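**Student:** This is the structure, below, for whatever I ask next.
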Amino acid sequence: MPTRSDSDWGEWPLAKLFRPRAIAVVGATSKPGKVGRIVFDLLRRTERPVYPVHPTQKTLLGHDVIPRVEDLPEGVDVAVITVNAGQAVQAAADCGHKGIPFIIVVAGGFSEVGAEGRILEDKLRAVVATTGSRILGPNSLGIFVPRERIDTIFVEHGDRALAGGGGVAFITQSGSVGTEGLGVASNIGFGLRAFVGLGNKVDLNELDFLRYFGDDDRTNCIMLYMENFSDGRAFLEIAGQVSRKKPVVVLKAGRTAAGAAAASSHTGRLAGSDRVVSGAFRQFCIQRVFDEEQLCDAARVLAGAPLPRGPRVAVISSGGGYGVMAADYIESRRQRTRLQMAHLSPDTEAKLRAIVPGFASVANPVDLTASATDEMTGDTLRIVTADDGVDAVICVALFAPPGISDALVAHTAAVAADVDKPIVVVGQFGPFTDGLLRRFYDNGVIGYPCVARAVRAVRTLVERAEFVHTMEGTP
């Protein structure tokens, strides 16, 4: 299957949604706090033309306001409709007849509120059928593409922390789950390729975007939050095909009867039975998670760390208790993907003994004690990763020992850059933990604030490696 680079986005379906020539904001207003004002203000950051549309306003933030959609110039590829549900249908029709290829409807008040809302959605479908324009939403936060500085998300979402971009495409049926998850993940570093809020899916759905990002060579991981599937069988087949090229991680909510009922209330659609979801996902090599923290944690490590060759994990720490906890998590048999503590070779232990204090432990887990220094930790990492019996390393980076400083980040990053094995850090530094983990991330090292999440991240990598071997037909 072909792939796409940034230079030829325009040759592909959906391309103009993510790289439009110009954007219109229908319902843009000067009133502070209104969705139309917030979205227009966000979109002014992009380098492409952005046109405010409002029937009575003359100017907005130094821009001339266009009174009607039909008065827009040619070349507008995306229209963001920020008016209420009743007005949004006519606005979408106007945009469709104008020939604008993509329409984002952010208003709620459609099928999720009952029969009247479903009638409005049917009218939006008629716009698609009669004009050929594609609709994202309604009840959608739209899109966020950091590299293009295109952002229609009108609630707080860590946008400045995510501005550097990255390789993860996030497709979400819930705006709140998507934005809150991203906001927390961005505190410790998260590389976002694009965010897509599906909303009620009257037209564009998860299958469209799964295909699109599956072919995008700047996307290296796809994460989804879903409450129901537009076509479950098609989803499995398409996600299975995409998984041959890049990881697909799914948080499928509505697992219980109560959760399914809540999903129906939220989206206006029935959620499918959860009884066969996990088995089907594994059959098609789709990775499943169960909360928003797991979703973001999995995407971070899959996008930023190499895959291990096996399940053998070594642990390095300057605090013995952390090594014990890590060993417990690693050897747990309650997980669907098994890990095991690696056995260090006699040669590795001899090399470690030459650089660590005499009272330190050189068996796995390696305990450097509070005598650890930046250089000692870096040298230990290099020795342990060179052991053929080690497939992955968890390094507990405690900043309490007096010999540890911010230079540990550079020492760890230097080793990680030289080896093809994953190194996952547990970083703790009191109230400065998020900043520490962000520095690790900016230097190419994936880190988490606790042992359990770091072990889970390694487990995610091992599961992905197992899936890759399965798809390749190798043991």
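The values are calculated or read from the model by the stated rules, or taken from the named source; none is laboratory data. Computed from a prediction, not measured in an experiment: that's the story for all the values here. Reconstructed Cβ throughout: ideal geometry from the backbone, glycine too, with neighbour counts over all protein chains shown.
**Student:** Please state which one of GLY183, GLY108, GLY164, GLY178 is under 29 Å from the mean Cα position of the chain (by Cα), crowded, with 23+ Cβ neighbours inside 10 Å and modelled with pLDDT under 95.
**Tutor:** GLY178
**Student:** Within the range 386-443, restricting attention to residues that are assigned to a helix (DSSP H, G or I) and among the charged types (D, E, K, R), which residue is farthest from ASP367 (Cα to Cα)?
**Tutor:** The extreme case among them is ASP442.
**Student:** Condition test on ASP379, is it surrounded by 14 or more Cβ atoms within 10 Å (Cβ to Cβ) and assigned to a helix (DSSP H, G or I)?
**Tutor:** When the stated conditions are applied, ASP379 passes them.
**Student:** Does PHE209 satisfy being aromatic (Phe, Trp, Tyr) and under 13 Å from the mean Cα position of the chain (by Cα)?
**Tutor:** The answer is no for PHE209.
**Student:** Still on this structure, I have one more. Only residues that are in a helix (DSSP H, G or I), closer than 30 Å to PRO431 by Cβ and hydroxyl-bearing (Ser, Thr, Tyr): list them for the range 344-376, please.
**Tutor:** Passing the criteria: THR369, SER371.
Residues checked against (1) out of contact with any strand residue (DSSP E or B) (no Cβ under 6 Å at 6 or more places or on another chain); (2) surrounded by 14 or more Cβ atoms within 10 Å (Cβ to Cβ); (3) over 20 Å from LEU437 (Cα atoms):
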residue: GLY310; (1), (2), (3): yes, yes, yes
residue: ILE316; (1), (2), (3): no, yes, no
residue: ASP328; (1), (2), (3): yes, no, yes
residue: ARG334; (1), (2), (3): yes, no, yes
residue: ARG338; (1), (2), (3): yes, yes, yes
residue: VAL366; (1), (2), (3): no, yes, yes
residue: THR369; (1), (2), (3): yes, yes, yes
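**Student:** Can I ask one more? Is one or more of the residues making up the range 383-391 touching a Lys or Arg at 6+ places or on another chain (Cβ under 7 Å), more than 25 Å from LEU461 (Cα to Cα) and in contact (Cβ under 8 Å) with a residue 12 or more places away in the chain?
**Tutor:** no
**Student:** Do you know which of the residues in the range 264-286 that are among the basic types (Lys, Arg) and more than 23 Å from ALA465 (Cα to Cα) is modelled with the lowest pLDDT?
**Tutor:** Per the criteria, the residue is ARG269.
**Student:** Quick one: VAL89 ticks every box in (1) assigned by TED's automatic domain parsing to the domain that holds LEU72; (2) surrounded by fewer than 19 Cβ atoms within 10 Å (Cβ to Cβ) except a single one, so which number is it?
**Tutor:** Only one criterion is unmet by VAL89, namely (2).
**Student:** Something else: Any idea which residue in the range 57-86 is surrounded by the fewest Cβ atoms within 10 Å (Cβ to Cβ), counting only those that are polar (S, T, N, Q) and over 30 Å from ASP122 (Cβ atoms)?
**Tutor:** My answer is THR59.
Residue-wise test of (1) assigned to a helix (DSSP H, G or I); (2) farther than 23 Å from LYS201 by Cα; (3) touching a residue at least 24 places away in the same chain (Cβ under 8 Å).
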| residue | (1), (2), (3) |
| --- | --- |
| LEU42 | yes, yes, yes |
| ARG45 | no, yes, yes |
| PRO73 | no, yes, yes |
| VAL80 | no, no, yes |
| ALA88 | yes, no, yes |
| ALA107 | no, no, yes |
| GLU112 | yes, no, yes |
| GLY117 | yes, no, yes |
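**Student:** Next question. Would you call GLY214 within 18 Å of SER140 (Cβ to Cβ) and out of contact with any Phe, Trp or Tyr (no Cβ under 6 Å at 6 or more places or on another chain)?
**Tutor:** No; evaluated as a whole, the condition is false for this residue.
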